[in-house]
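Accompanying notes for the structure given below.
Readers should treat all values here as calculations from the given coordinates under stated rules, not as data from a laboratory. Keep in mind that this is a model prediction, so the values were computed, not measured. With ideal geometry, Cβ positions are generated from the backbone for all residues, glycine too; neighbour counts draw on all protein chains shown.
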Amino acid sequence: MLTTKPRGVNDILPDEVWKWHYVENYLRDLAGRFGFQELRIPIFEHTELFQRGIGDTSDVVEKEMYTFTDRGDRSLTLRPEGTAGVARSFVENKLYSGTLPGKYYYVGPMFRYDRPQAGRYRQFNQFGIETIGGHEPAIDSEAVAFAYEIFHGLGLENVLVHLNSVGCPVCRKAYRAALQDHLMPALHDLCETCQTRFDRNPMRILDCKSKHCHELVQGAPSINQYLCEDCQNHFDQVKKILEAMGIPYAVDQNLVRGLDYYTRTAFEITAGKEGAQSAICGGGRYDNLIEEIGGPALPGIGFALGMERLLLTLEQQGSQLQKPDFCDVFVAGLGGNAEILTSQLCHSLRLSGLRVQRDYQGKGLKAQMKAADRVAAKIVLIIGDDEIARQAVICRQMANGEQTTISVNDAVSYVQQKLSAIKVEGDIK
Ligand code: AMP
C-alpha cells in the first residue's frame, strides 16, 4: 500500500519530465502569440459549481467526480475540467469589467473517476483556453485555429478538426422533439445509459460509444437541419473564416460533446492512426454558462486538450522532441583533499549560470569520467593532488579529448569561453 500508487494516477519520472517541460513551454508560447494570459484556478471548488456549470446529466457529473466533505462539512470536488473554474473566477473577480473578450489559458491536473486504460487516467493534465465575453464567429475560428496549430505545429500527422454546430436552446427544442420521434421505435434497443438519456438529454445518444447505439442513430435527423437563422449564419461564418485561414476541418453532424453547457460551435481534434480516433482535444461555445453560474449574460468559448494523450500521440508518431542538455560541466575531484576545492568550484560555476554535476563518493578518475559521459558533460574539470598543490585544474573537452591546465582563479571564465566555442561549432555544423 505505502509504496503503490492508487489506480489511474501516474508518476512523471525525471527521465520523462523534460518532454512535459518542452510541450508546456511550447503551449505557453503559442498562447502568448494568440493573446491568451494564464489564469491559475484552484484544484478544488464547491461541488455545486460543477453540478450547475457542467450539467447534472453529463457523465462527468453523474459518475466521475471526486467529491468529498471537508472538515467544515462543505461538499467540495476535485476539478474534473477547467472551464467551470475559469468561469467562476471570471465572475468572482469581476474580470468582465476589464477589456472584453477576456482570453485565458490554464494548465494542470484534472480528476475523473473513470475506468483507467491507455490514455485515460483518474488524474490527468489538461491545457485549455477560454475566451469570455464575445459572440463573434471570428472568436470561434480563432479557438479552432489555435487548437489545430498546437498539433500541426508539433509536426503531428493526420490532424483532423471535427466541427459541428449544436445550435442554441431555441433551435435545439425543435430538434430534440424530432430526434425523440426518430428514436422512439428503437428506444428499448438502446443501451441502458441511452435509455435514461432519451428524456433528459437525447442529443447525447448521438455520440454514445456503444456500437449498437451508434448503428441505431444512423439516419437520425441532424441538428444542422434545425439550426435557427442566427445559428446557421454564425456557423457559416466560422467555416468561412477557417477556410480563409487555411485550417482544414470536416463537419461531423453527430458531434455533440459530453458536457451539457455547449451551444453553437462544438469541435474535437483527432490525430491518431486511422480507426483509433479518440480525441486529443475538445471544445466549444458556451453562451449560457456564465449567466447560469450567477454572472452577467456573457458568451464564451474554449477547448481543452489532454497532455498525456498529446505526449502519447507524439510518441506513437515517432516525433523527436529536442532533449535539453542536462550538464555543461562535470567536476571530478580525486581523493579526500580535493573535496573543498571541488565544492567551491562547483558552486562558482553554478552561480555563473552553468549546469554542473559532480561525484560525492570519492570514486576514481575512470569511474568519474564514465559518470561525466552518462550525463553528456561537454567539459570535465579534473582536480588531483598535483593540481591542488599548484592551485590549478585540468580542463578536458569531452568531444575531442583536448586537455589544458589552467589556474583555479581563471577556471570559470575559461570554461565559459570553451562552452561558447563548442556551441558556435555545433551551430555551424
Ligand atoms: P473533455 O474535457 O472531456 O472535453 O476532454 C478534453 C480532453 O482531455 C480529451 O480530448 C482528452 O485528451 C483529455 N481527457 C479527458 N478525460 C481524460 C482522462 N480520463 N484521462 C486522460 N485524458 C483525458
Mind checking which of MET110, MET307, MET398 has the largest fluctuation in a GNM of the chain, springs on alpha carbons under 10 Å?
-> MET398
Within-14-Å neighbourhood charge of GLN180 [Cβ basis; K, R +1; D, E -1] | +4
Can you give the Kirkwood hydrodynamic radius of the chain from its Cα pairs, in Å with one decimal?
-> 25.2
Rounded tilt (10° steps) of 83-92 against the dominant C-alpha axis of the chain | 90
Given region 321-409, what whole percent of its Cα pairs are spread farther than 14 Å?
-> 61
Compactness of region 237-389 as Cα Rg over 2.2 N^0.38 Å, two decimals = 1.88
Percent antiparallel among DSSP beta bridges confined to region 296-407, rounded to 5, stands at 55
Taking a quarter of the surface of the convex hull around the Cα atoms of region 58-145, what do you get in nm²?
-> 7.8
When Rg is the radius of gyration of the Cα atoms in region 1-133 and Rh is its Kirkwood radius, what does Rg/Rh come to?
-> 1.00
Write down the radius of gyration of region 125-183 and its Dmax, each obtained from C-alpha positions, in Å.
-> 16.1, 45
Report Rg (one decimal) and Dmax (nearest whole number) for region 263-330, counting Cα atoms only, units Å.
-> 18.8, 60
Which trypsin sites (Lys or Arg not before Pro) in region 94-176 pass both tests, a DSSP loop state and at most 11 other beta-carbon atoms within 10 Å?
-> LYS94
Which of the trypsin sites (Lys or Arg not before Pro) across region 1-80 are loop residues per DSSP, with 13 or fewer other Cβ within 10 Å?
-> ARG7, ARG40, ARG71, ARG74
Selection from VAL23, ASN337, MET1 lying farthest towards where the dipole of the chain points positive, charges on Cβ | ASN337
Going by alpha carbons, how many degrees (0 to 90, nearest 10) lie between the helix axis of 229-245 and the longest principal axis of the chain?
-> 30
Surrounding charge for MET203, neighbours by C-beta under 9 angstrom, Lys/Arg +1, Asp/Glu -1, total +3
Compare the Cα positions of LEU190, GLY119, TYR414 along the charge dipole of the chain (+1 at Cβ of Lys, Arg; -1 at Cβ of Asp, Glu; about the Cα centre) and return the one farthest towards the positive end.
-> TYR414
Identify all lysines with a Cα-Cα distance to LYS378 below 30 Å; exclude those on the same chain that are fewer than 8 residues away in sequence.
-> LYS19, LYS323, LYS363, LYS366, LYS370, LYS418, LYS423, LYS429
What is the gain in length, in nm to one decimal, between HIS21 and ARG40 on full extension, counting 0.36 nm per residue of separation less the C-alpha to C-alpha distance?
-> 5.1 nm
Backbone HN-Hα couplings from phi across region 322-329 [Karplus 6.51/-1.76/1.60, Hz, Gly and Pro as x] = 6, 6, x, 5, 9, 8, 8, 10
Dimensionless Rg over Rh [region 182-311; C-alpha; Kirkwood] | 0.98
Given unit charges at Cβ for Lys, Arg (+) and Asp, Glu (-), the dipole magnitude of region 320-382 about its Cα centre in debye, nearest 20, is 160
Dimensionless Rg over Rh [region 305-348; C-alpha; Kirkwood] | 1.40
May I ask you to derive the FRET efficiency for THR3 and ASN400 from their Cβ-Cβ distance with R0 = 51 Å, giving the value to the nearest 0.05?
-> 0.65
Once you sort the root eigenvalues of the Cα gyration tensor of region 141-221 as a ≥ b ≥ c, which label holds: rounded (a/c under 1.5), prolate (a/b larger than b/c) or oblate (the other case)?
-> prolate
On full extension of the chain, what length is gained from ASP181 through ASP70, given 0.36 nm per residue of separation minus the C-alpha to C-alpha distance?
-> 35.4 nm
Over all Cα pairs of region 1-52, how is the pair count split among 10 Å bins, expressed in % and running from 0 up to the last occupied bin?
-> 17, 25, 37, 19, 2
How far, in degrees from 0 to 90, does helix 339-351 lean away from the longest principal axis of the Cα atoms of the chain, to the nearest 10?
-> 50
What size of dipole, in debye to the nearest 20, comes out for region 1-106 about its Cα centre when the only charges are +1 on Lys and Arg C-beta atoms and -1 on Asp and Glu C-beta atoms?
-> 280
Local electrostatic count, LEU190, Cβ distance below 14 Å [Lys/Arg +1, Asp/Glu -1] = 0
